[in-house]
1. Being surrounded by fewer than 18 Cβ atoms within 10 Å (Cβ to Cβ) and within 13 Å of chain B (Cβ to nearest Cβ) is the filter here, so list the residues in the stretch A:175-196 that pass it.
2. Name the single residue that is farthest from A:GLY75 (Cα to Cα) among those in the stretch A:106-147 being among the charged types (D, E, K, R) and out of contact with any Pro (no Cβ under 9 Å at 6 or more places or on another chain).
3. Quickly run through the stretch A:157-214 and pick out the residues that are in contact with a strand residue (DSSP E or B) (Cβ under 7 Å, 6 or more places away or on another chain) and not hydrophobic (A, V, I, L, M, F, W, C).
4. Six or more apart or on different chains, Cβ atoms under 7 Å: show the pairs whose first residue is in the stretch B:112-134 and within 14 Å of chain A (Cβ to nearest Cβ) and more than 12 Å from B:TRP145 (Cα to Cα) and whose second is assigned to a helix (DSSP H, G or I) and charged (D, E, K, R).
5. How many residues does the stretch A:226-246 hold that are under 18 Å from A:ALA92 (Cα atoms), open to solvent by 10 Å² or more (accessible area, probe 1.4 Å) and at pLDDT 95 or above?
6. For the stretch B:187-205, which positions are at pLDDT below 90 and in contact with a Pro (Cβ under 9 Å, 6 or more places away or on another chain)?
7. Please find, within the stretch A:257-268, the residue that is farthest from A:LEU299 (Cα to Cα) out of those that are among the aliphatic types (A, V, I, L, M) and in contact (Cβ under 8 Å) with a residue 60 or more places away in the chain.
Amino acid sequence: MTAWALWAVAVVVVAALPAVLSLFQIVQLTVFMIYSLLALSLDLIWGFGGILSFGQAAFFGVGGYFYGIVGINSGSTTLALTAGVAGAAGLAALLGYFTFYGRVGAMYFAVITLTVTLILHQVMGTTADPRYAVGQARLGGYNGMTNIPSLALEAPGRAPLTLDPVQLFYVVGGLLLLVLALTRALVRSSFGRVLGAIREDELRTELLGYDPRWRKLVTFAISGGIAGLAGGLFAGWGNFMNPQVFSMFQSALVVIWVMVGGRGTLYGAVVGTLVVQSLTNYLGTASVTYTTVALGAVLVVIVLLFPRGLVPAIGGAVRRVSGRRPPAPEFAR
Amino acid sequence: MNDVVLQTRGLVKEFGGLRAVNSLDFTLRRGELRCVIGPNGAGKSTLFKLLTGQLKPTAGTIHFKGLDVTRLLPHEIARAGIGIKFQVPRVYDSLSVAENLWLSARSSHGTAGAGAIVDRVLAEVGLVERRASPVGHLSHGDRQWVEIGMVLTADPDLVLLDEPTAGMTHAEARRTADLVREINRRATLIVVEHDMDFVRNIAGYVTVLHRGAVLAEGTMDEIRANDVVRDIYLGKRPRARS
C-alpha cells in the first residue's frame, strides 16, 4: 500500500519538476538521475548479491563509448543505447564467467574489477592518435570522444527528433523509475530470494541444490547492463566521453553513493546519489576552499551517524513515529 | 546389489601429509539407519564433506544410487538426493523460518508446490507460530529444528545428520530420536553422534571409524563387546567430547 503511494508520488514529482526548476537545474538533475542508475547497478550486485564490484564505472564507461561509437557511425541513438547496454552487459558476463566459475574470492573479485577499470583508463588514454578510430568515431585519448549525438526519439518513416533538455529529463526519469521497478521485482522474485540465500550462506545454498555460479553471473551481467545504460545516457546527455569515467575516483564514488543511501535498499542508491551529488555541487559553488575535504568530512559524519545508510535510518524513524512494527523479513534484504 | 544406495571404494583424503580418510570402504543399503561413531580425528566430518562434495577425494570413488558422484559439485550431489544437517545449525539467520524452508522446498519441488510443503513441514517440526520470526532470534534447539525441517522439506534419498542432538536437552533429544526414526521410513540415514544413549535409542547399525578407516561394524551390543573398540574409544571415554 505505502509502496504504491510512494511510487505515485515519485511519478508526480518527476512530472512536475520541470515546471518549478530552472533549465540549468533540470539539466543537473538529469545527470544525477543517470548517476542514480549507475548506483542502482551497484546496489543490485552488492546489496543483493553480496558481491562488491569496483567495476561499475568500467561498465558505465564502456556503455558510454559504445554509445558514442555506434551513434556516430549509424546515426541511430536507439541502436547506440542498445549497443551500450549490450556491450557493458557482455563485458560483465565475460568477467563474471572467469571469476565466478573460477571460484575467485570476494576480496579478489573487488580487486580484479578495480584493476579492469584502471586498465581501461590507461588503454583509453593512449588512443589520442587519429588512427585509433572505429569507423567515423575517433576515440581521442585523454581529450575524449567528441561529437557524440544527443539522444533522439526515433520512429520508422520519420526523421529522428532530438530531445530537448526537458524531454531528456523525462526520458531519463522514466527509465530510472522503470529500472527501479524492474530491479525491485527481480530481487523479490524467486530468483532474487535464492540470490539472497547465496549472499547469506553460499555453501548452505549449494547444499540445498542451487548452483550459485550462474546466478551470480546473470546478476552481474544485469548489473553491468544497467551501468551501461547509464553510461550511454551520459554520453548522449553530454555529447562527450573521456577516460576519466574509468578513474579510481569515479569507481569509489559509486560505492559512496550506495553506502550513504543504504546498501540493499534500491531506493537508497537513488537517495544517496542525489544527496552526495547535490552536496558536491553546493560545496563547489559555496566558495568552500577545500571542497573535497569538506565533502569527505560530511560523508564520514553521515556514515558514522547512519551506518546502514540514509534510507534505512529514515525508514526506522518513520516506524518509530508511527509506532508500527518492522515488517517480518519474509524476503531476503 | 540393487539395494545398495551408497558405496565408497578405497576413499582417501589427504591434507598435506595427513590421511584424514584412509582407504575407506563403506556400503549402505537402502532404508538403513547407520550410526557412525569414532574418536576425534577419526574422519567423520571429512567423510561427510566428501559425500556432499565439499571436498574432493585424493583417491577412490563414491557411488550413490549406482551413479558415480565422486567428482560432482555440491549442488549436483544435493540434486541427486543427498541432504545434510550440520552439527552447528547452518541456517539463514537473517531470514524467516518460512523463508528458510521455502528455499529448500523450491530447490527440491519447484516454485509451484513449495508453499504447501512449507506449511506441512512447519507443522511437523512444531514451528507454525514462529514462521515469520527471523531464525537468528530462535533458541539453539529451535534452530536445530529449522535445519531438520529444511532436510525434511527436500525429501532426499539419503540424509546425513551430524550430531543432531548437540546442545539439546534430554526431552529434545528424545523428540529428535523419534523424528530420526520417522525420517528413516522415507530415507536412508547416516548419523554421526557422540551420545551413546541416543545411538542405542535409535537402534541403528553402527560403524566405528578410527584413523580414517572402518574399525568395526555391528549392532551397538556387538560394538560394546568388541575389545579393540573398547580400548580405543568406549573404554577410555564413554562419552567423548565433540
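1. Those that are surrounded by fewer than 18 Cβ atoms within 10 Å (Cβ to Cβ) and within 13 Å of chain B (Cβ to nearest Cβ): A:ARG188, A:SER189, A:SER190, A:PHE191.
2. So in the stretch A:106-147, the residues among the charged types (D, E, K, R) come out as A:129, A:131, A:138.
The next check asks that each one be out of contact with any Pro (no Cβ under 9 Å at 6 or more places or on another chain); those that pass are A:129, A:131.
Values: A:ASP129: 23, A:ARG131: 21 Å.
In this case the residue turns out to be A:ASP129.
3. The answer is A:PRO160, A:THR162.
4. B:ALA114/B:ARG106
5. Step one: filter the stretch A:226-246 for residues under 18 Å from A:ALA92 (Cα atoms), giving A:226-232, A:245-246.
If we keep only those that are open to solvent by 10 Å² or more (accessible area, probe 1.4 Å) as well, we get A:226, A:229, A:245.
From what's left, at pLDDT 95 or above: A:226, A:229.
Total meeting the criteria: 2.
6. B:GLU193, B:MET196, B:PHE198
7. Taking the stretch A:257-268 and keeping what is among the aliphatic types (A, V, I, L, M), we get A:258-260, A:266.
Those left that are additionally in contact (Cβ under 8 Å) with a residue 60 or more places away in the chain: A:258, A:266.
Working: A:VAL258: 12, A:LEU266: 19 Å.
My answer is A:LEU266.
Residues are listed down the side, and each one gets a yes or a no for (1) at pLDDT 95 or above; (2) closer than 26 Å to A:ALA185 by Cβ; (3) open to solvent by less than 10 Å² (accessible area, probe 1.4 Å):
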site: A:SER22; (1), (2), (3): no, no, no
site: A:PHE32; (1), (2), (3): yes, yes, no
site: A:LEU40; (1), (2), (3): yes, yes, yes
site: A:TRP46; (1), (2), (3): yes, yes, no
site: A:LEU52; (1), (2), (3): yes, yes, no
site: A:GLY84; (1), (2), (3): yes, yes, yes
site: A:GLY96; (1), (2), (3): yes, yes, yes
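The values are calculated or read from the model by the stated rules, or taken from the named source; none is laboratory data. Because the structure is predicted, anything quoted here is derived from the model rather than measured. So basically every Cβ, Gly included, is an ideal-geometry build from the backbone, and we count neighbours across all protein chains shown. What goes into the accessible areas is simple: the full protein's heavy atoms, side chains included, and nothing from ligands, DNA or RNA. Shrake-Rupley method; radii C 1.70, N 1.55, O 1.52, S 1.80 Å.
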